[in-house]
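Nothing in this text is a laboratory measurement; each read-out follows from the coordinates by a stated rule. Not measured: the values here are computed from a predicted model. Methodologically, a virtual Cβ is constructed for each residue, glycine included, from the backbone with ideal geometry; neighbour enumeration extends over all protein chains shown.
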Amino acid sequence: RSQIDFILSPTNDVKVYPTAMRFAPVRWLALNVVPWPQNSKTAPEMDVNKKLTDVQGFDEEKQLILEGLNTLYHTANVEAIHPLFGKMGKSQWGRVVWKHLDHHLRQFGL
C-alpha cells in the first residue's frame, strides 16, 4: 500500500506508538513548524520497502502518485490513523503528505 492508499482506505488496526506527537500541540508543531529530521526511522506500517512489491517504472509511479494526490484532494472526509500522530483529518493528512513529498524531492535535488 502506498501512503495515499493508507490514508484513503484506513484500517483501525494501526498501532499508534506512544510518542508526544499524538498530542494536538506537539502534532501541530511537527506538522507546521519543526522540520522533520533527516534519516528518521519510518513506521513499519508506512515503510514502502516492506509494503510495496509491485513497483513500476518512474513514469508509471509518477502517474500513480499524481492520481493519488488528485483523489485525496477531492475526497471530502478523511479520518485515518497515523502511527506517530494518531487519528487525523484531511488537512492534517494533507500536511503530512506535503512534508513527506517535499522531503523526498529535496533528497533527490528536485
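If you keep only loop residues by DSSP, which GluC sites (Glu not before Pro) in the stretch 58-110 have at most 16 other Cβ atoms within 10 Å of their Cβ?
Hits after loop and neighbour filter: Glu79.
At what distance in nm do the modelled label points of Leu69 and Lys87 sit from each other, each positioned 7 Å from its Cα along Cα→Cβ?
Those two pseudo-labels are separated by 3.0 nm.
Could you state the angle between the C-alpha long axis of helix 90-107 and the longest principal axis of the C-alpha atoms of the chain, as a value from 0 to 90 degrees rounded to the nearest 10?
Around 60 degrees separate the two axes.
Please give the contour-minus-distance gain from Gln107 to Asn77: 0.36 nm per residue of separation, less the Cα-Cα distance, rounded to one decimal in nm.
7.7 nm
Filter the cross-link list Lys15/Lys87; Lys15/Lys99; Lys41/Lys90 down to pairs whose alpha-carbon distance in this structure exceeds 19 Å.
Lys15/Lys99; Lys41/Lys90
Which value, in debye to the nearest 20, describes the size of the charge dipole of the chain about its Cα centre when Lys and Arg Cβ atoms bear +1, Asp and Glu Cβ atoms bear -1, and nothing else is charged?
In debye, rounded to 20, the chain gives about 560.
For log10 I(q)/I(0) by the Debye sum over Cα atoms at q = 0.10, 0.11, 0.22 Å⁻¹, several values are listed as (1) -0.24, -0.30, -1.23; (2) -0.29, -0.35, -1.56; (3) -0.38, -0.45, -1.16; flag the one computed from this structure.
So the structure-derived entry is (2).
Considering the dipole of the chain built from charges on the beta carbon (Lys and Arg +1, Asp and Glu -1) around the Cα centre, which of His104, Leu8, Val26 is farthest to its positive end?
Farthest towards the positive end: Val26.
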